[in-house]
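Trainee: Structure in structure tokens, see below.
The values are calculated or read from the model by the stated rules, or taken from the named source; none is laboratory data. Here the structure is a predicted model, which is why all the values come from computation and not from measurement. So basically every Cβ, Gly included, is an ideal-geometry build from the backbone, and we count neighbours across all protein chains shown. For accessibility, only protein heavy atoms count, side chains too; no ligands or nucleic acids. Shrake-Rupley method; radii C 1.70, N 1.55, O 1.52, S 1.80 Å.
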Amino acid sequence: MECNKEEGLRAKELAEMKMNNKDYAGARTMVIKAQRLFPSIENISHMLTVCQVHCSAECKVLGSYPDWYGILQIEQNADEASIKKQFRKLALQFHPDKNKFPGAEAAFKLIEEAQRFLCDQSKRSQFDMKLKTMRHGQ
């Protein structure tokens, strides 16, 4: 198991380098590898969440919109209370005072923006309608 720890730490280090270069998809791959090799690596789940938020933001839907639901890691049918609860949970993980990983502060801003967008019923309704139209048109 010790050799797995060494390999896992090396994968985590590579993931941090990728995060510094804003390659969140590549970093996510390395974080998953590190987690698989040695699951108890400190803060590995926080790194993965940072990567997932950025990957969701990069994944544009409807041409130019980020995947707001993916950023907050919630289902499309989530109610406002669930959105706020998930935001608080992620905000605790990403707050710049608590998370020093590359991209954590930007992820914090993304979840704030996603929460504001999804709690605005008018914007959310239009977004959902466009998503529904797009999915049925495929």
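Trainee: Suppose the filter is under 23 Å from residue 125 (Cα atoms) and either touching a Ser or Thr at 6+ places or on another chain (Cβ under 7 Å) or open to solvent by 80 Å² or more (accessible area, probe 1.4 Å) (or both); does residue 67 pass it?
Mentor: Taking the combined requirement at face value, the residue satisfies it.
Trainee: What about residue 100, is it modelled with pLDDT under 95, loosely packed, with under 11 Cβ neighbours inside 10 Å and closer than 19 Å to residue 44 by Cβ?
Mentor: Answer is yes for this residue.
Trainee: Looking at (1) charged (D, E, K, R); (2) touching a residue at least 60 places away in the same chain (Cβ under 8 Å); (3) within 26 Å of residue 115 (Cα to Cα); (4) open to solvent by less than 80 Å² (accessible area, probe 1.4 Å), which is the one condition that is false for residue 80?
Mentor: (2)
Trainee: Which numbered condition trips up residue 107, out of (1) more than 20 Å from residue 75 (Cα to Cα); (2) touching a helix residue (DSSP H, G or I) at 6+ places or on another chain (Cβ under 6 Å)?
Mentor: (1)
Trainee: Which ones in the stretch 81-107 are more than 20 Å from residue 24 (Cα to Cα) and of a type in the set (S, T, N, Q)?
Mentor: 82, 86
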